[in-house]
Amino acid sequence: MTVDVAVTGLGLITSAGHSVDATWQGLCASRSFAVRDPVLAGLPVDFACSVSDFDAADRLPRRLVRRTDPFVHFALTAAQQAWDDAGLAPGHVDPARIGIVLGVASSSYVGFGPVFQRLDRGEEHLVSPLMMARSIPSMAAGETAAHLDCRGPNFTVSSACASGGHALGVARDLIRAGTCDIVLAGGAESGRATFNGIAFARMGALSKRRHDPARASRPFDRDRDGFVLSEGAAVLVLERTDHARARGATVHSVLAGYGASADAHHPTNPHPDGRGLHHAITTALADARISPADIDHISAHGTGTPVGDLIEARTLAASFPAGPPPVTALKGAIGHALGAAPAIQAACAVLSLRHQAIPPTVNLDNQDEAIDLDIVTKAPKEVPLHSILSTACGFGGANAALVLRAP
């Protein structure tokens, strides 16, 4: 018998807001949060969607903040929100039955930059002994487990920009297998670093609209020219539905389907016919025991790159023979948070189910004529929602698809 896995807690911190409600309100405001970024000053692309006016020390112990990097701050903040939202408390649940699975794509290049500068100056003695422990991807999950006393399986999934989606899928499977009763799952990332800014700009992946950052991220628009770097985190509390009901928890939604695949094609470009993403989508639908016609809304990967958006759009059209349902792409508003992006999409899909509304795709002024999708723009669209598909693609040909449905 298939075990239903419920979402009982949500935590979000994004460039649109520092909480679940603030992020949702920001997305529904139909505006971009891209601005000039002092961290990227002097680079060919000097803007990003940053988590502004955020001081981790206002929410976390100062000693913990000092020994960790921003992606960990975001993970801890979102995890604490999700923990509180789920009504979890020490002593009420066996900590050995609570796991942590987080997606992180790129480690912490924020912290590595100053270290390389010191090494170049021959100042090895000034490199912090905590440098490795604060920066490796696994510390997002490790520090979260220590902070919340979760003693079950604990690890990080790293599959580029599909990381957060795979983390949620793997976490759900841990619950289905009986390994855990509860798993905190999602993704965290801080892509605002000189290394990322240079690397993505050199490969032509970033938008070059320095004169107008707020209009730079343009998913599915005919004038799109690349994505905008972003940061943030999303954590969802996943739990056996019977376990949640037994402790009186609120079930926000059900993570009903998960599909994963590889393009097996190219280090950075998706396969031209979208075969990997199509397989992930069909697998997720089969896992959820539904047909394409049962999906009411698609939260698309939609980064704003010329090739990626076109291939994704064609794949969605091929995966939904009767025509895809209404689509949105959150990256028009909040940029591309790399490994955290799929988790942010999943959390916002839960919010769409709660509010029965689809947030708009920002900056879609002139839809590409080659993209035959019903894309929500300008304002939120209120529509009955029961099942939502969320897609993610990453370097190395990694693909993830999730189906979330109303409880």
> Here is a list of conditions, (1) free of Cβ contacts under 8 Å to residues at least 24 places away in the same chain; (2) surrounded by 19 or more Cβ atoms within 10 Å (Cβ to Cβ); (3) of a type in the set (Ser, Thr, Tyr), and residue 299 meets all of them except one; can you say which number that is?
Replying inline: (1)
> Do you know which of the residues in the range 126-171 that are in a strand (DSSP E or B) and of a type outside the set (Gly, Ala, Ser) is surrounded by the fewest Cβ atoms within 10 Å (Cβ to Cβ)?
Replying inline: 155
> When residue 211 is evaluated against the numbered criteria (1) free of Cβ contacts under 8 Å to residues at least 24 places away in the same chain; (2) not assigned by TED's automatic domain parsing to the domain that holds residue 74; (3) not aliphatic (A, V, I, L, M), which criterion, by number, is the only one it fails?
Replying inline: (2)
>> Restricting to the range 140-177, count the residues that are under 16 Å from the mean Cα position of the chain (by Cα) and of a type in the set (S, T, N, Q).
In response: 4
>> It is to be established whether one or more residues within the range 16-36 are assigned by TED's automatic domain parsing to the domain that holds residue 237, part of a loop (DSSP other than H, G, I, E, B), touching a residue at least 60 places away in the same chain (Cβ under 8 Å) and within 16 Å of the chain's Cα centre (by Cα).
In response: yes
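Consider residue 181 carefully, then state whether it is in contact with a Lys or Arg (Cβ under 6 Å, 6 or more places away or on another chain) and modelled with pLDDT of 85 or more.
yes
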>> Is it the case, given these coordinates, that residue 234 is outside any helix (DSSP H, G or I) and under 30 Å from residue 54 (Cβ atoms)?
In response: yes
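The values are calculated or read from the model by the stated rules, or taken from the named source; none is laboratory data. Quick caveat, the model's predicted, so the values are computed rather than measured. Backbone-built Cβ (ideal geometry, glycine too); neighbour counts: all protein chains shown.
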